[in-house]
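The values are calculated or read from the model by the stated rules, or taken from the named source; none is laboratory data. On a predicted model such as this, the values are computed, not experimentally measured, just so you know. Heads up, the Cβs are rebuilt from the backbone with ideal geometry, glycines too, and the neighbour counts pull from every protein chain shown. Only protein heavy atoms, including side chains, enter the accessible area calculation; ligands, DNA and RNA are left aside. Shrake-Rupley method; radii C 1.70, N 1.55, O 1.52, S 1.80 Å.
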Amino acid sequence: MYTAIKEEAYHCNMQLPKLGLVLFTFGNVSVADREKGVFAIKPSGVPYEELTPDHMVIVDFDGNTVEGDLRPSSDTRTHAVLYKHWDGIGGITHTHSTYGTAWAQSQRDIPIFGTTHADHLTVDIPCAPPMSDKMIVGNYEYETGFQIMNHFEAQQLDYKEVEMVLVGNHAPFAWGKTGIKSVYNSAVLETVAQMAYLTEQINPKAPRLKDALINKHYDRKHGADAYYGQK
């Protein structure tokens, strides 16, 4: 019944070590089946080299395990909250990748310095502020989902256009219409984070990319008259 999303979730999770986005078991990918109201996610603490599709745990959008003998990722309730409230998401990737996490620990948005960034976003990569003590001592992973959503609401950001975020003092999350798109966005976030860090080392006063270039690069990939790639 859940074979397709188990296999997709397995494939997506196996991309994380290949792309250098995880160390040991520091990350997870989930893939949703919206018709069934469930998602498949990596089991907690299982090394990537030991994973198989059958290890993927099936969870509903309230965070309850539907199928699987293993405990799901400790971040499962964050995934569940985002799936439940943002119905355009089909996959979520969470990593502790080095540069993205460094920016999250610095509690800073990642500035839009160059066209690589603008190919994917027209704004800085947002960093949600650290959550309150009340949220931390409550259902922490559940509240992390609201930490993300509350920041998007406060900043008037659209999750369908900005498919990535830094959680202050924690690490990056990325999402997309599919699991593999969420992995792609996670890799883009990490690359842009590294480029932004190096940019500030070379020139601490480096200016933000000008609007004309932001719009040109974003629109040629995503605009009404996009011409990047093949039809």
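Out of curiosity, is ASP87 open to solvent by 10 Å² or more (accessible area, probe 1.4 Å), in contact (Cβ under 8 Å) with a residue 12 or more places away in the chain, farther than 13 Å from VAL165 by Cα and acidic (Asp, Glu)?
The answer is yes for ASP87.
Applying the selection to the range 6-38, what residues are open to solvent by 10 Å² or more (accessible area, probe 1.4 Å) and not in a loop (DSSP other than H, G, I, E, B)?
Matches in the range 6-38: LYS6, GLU7, GLU8, TYR10, HIS11, MET14, GLN15, PRO17, LYS18, ALA32, ASP33.
Take the range 209-226 and flag every residue that is at pLDDT below 95, assigned to a helix (DSSP H, G or I) and exposed (fewer than 13 other Cβ atoms within 10 Å of the Cβ).
Passing the criteria: none in range.
Say we look at the range 152-193 and pick out the residues that are over 12 Å from the mean Cα position of the chain (by Cα) and within 16 Å of PRO130 (Cα to Cα); which of these is most open to solvent (accessible area, probe 1.4 Å)?
Here the answer is GLU153.
When you scan the range 91-113, how many residues do you find that are in contact (Cβ under 8 Å) with a residue 24 or more places away in the chain, open to solvent by 10 Å² or more (accessible area, probe 1.4 Å) and polar (S, T, N, Q)?
Residues flagged as in contact (Cβ under 8 Å) with a residue 24 or more places away in the chain, open to solvent by 10 Å² or more (accessible area, probe 1.4 Å) and polar (S, T, N, Q) within the range 91-113 amount to 4.
LYS134 fails exactly one of the following numbered conditions: (1) open to solvent by 70 Å² or more (accessible area, probe 1.4 Å); (2) farther than 30 Å from ASP33 by Cβ; (3) at pLDDT 95 or above; (4) out of contact with any strand residue (DSSP E or B) (no Cβ under 9 Å at 6 or more places or on another chain). What is the number of that condition?
(3)
Consider TYR99 carefully, then state whether it is in contact with a Phe, Trp or Tyr (Cβ under 7 Å, 6 or more places away or on another chain) and assigned to a helix (DSSP H, G or I).
yes
Across the range 60-76, what is the number of residues that are surrounded by 21 or more Cβ atoms within 10 Å (Cβ to Cβ) and either more than 19 Å from MET1 (Cα to Cα) or free of Cβ contacts under 8 Å to residues at least 24 places away in the same chain (or both)?
3
Taking the condition of being over 22 Å from SER186 (Cβ atoms) and either of a type in the set (A, V, I, L, M, F, W, C) or free of Cβ contacts under 8 Å to residues at least 24 places away in the same chain (or both), how many residues in the range 114-153 meet it?
Residues in the range 114-153 being over 22 Å from SER186 (Cβ atoms) and either of a type in the set (A, V, I, L, M, F, W, C) or free of Cβ contacts under 8 Å to residues at least 24 places away in the same chain (or both): 8 in total.
Based on this model, can you work out whether VAL123 counts as surrounded by fewer than 21 Cβ atoms within 10 Å (Cβ to Cβ) and within 11 Å of the chain's Cα centre (by Cα)?
Considered against the rule, which asks whether it is surrounded by fewer than 21 Cβ atoms within 10 Å (Cβ to Cβ) and within 11 Å of the chain's Cα centre (by Cα), VAL123 comes out as no.
Would you check which residues across the range 39-58 are open to solvent by less than 20 Å² (accessible area, probe 1.4 Å) and part of a helix (DSSP H, G or I) and list them?
Once the filter is applied, which keeps residues that are open to solvent by less than 20 Å² (accessible area, probe 1.4 Å) and part of a helix (DSSP H, G or I), the range 39-58 yields only TYR48.
Have a look at ALA193, ALA187 and point out the one that is out of contact with any Gly (no Cβ under 6 Å at 6 or more places or on another chain), touching a residue at least 60 places away in the same chain (Cβ under 8 Å) and aliphatic (A, V, I, L, M).
ALA187
Starting from residues that are in contact with a strand residue (DSSP E or B) (Cβ under 8 Å, 6 or more places away or on another chain) and among the basic types (Lys, Arg), keep the ones in the range 32-74 and report whichever is farthest from TYR10 (Cα to Cα).
Looking at the filtered set, the residue picked out is ARG71.
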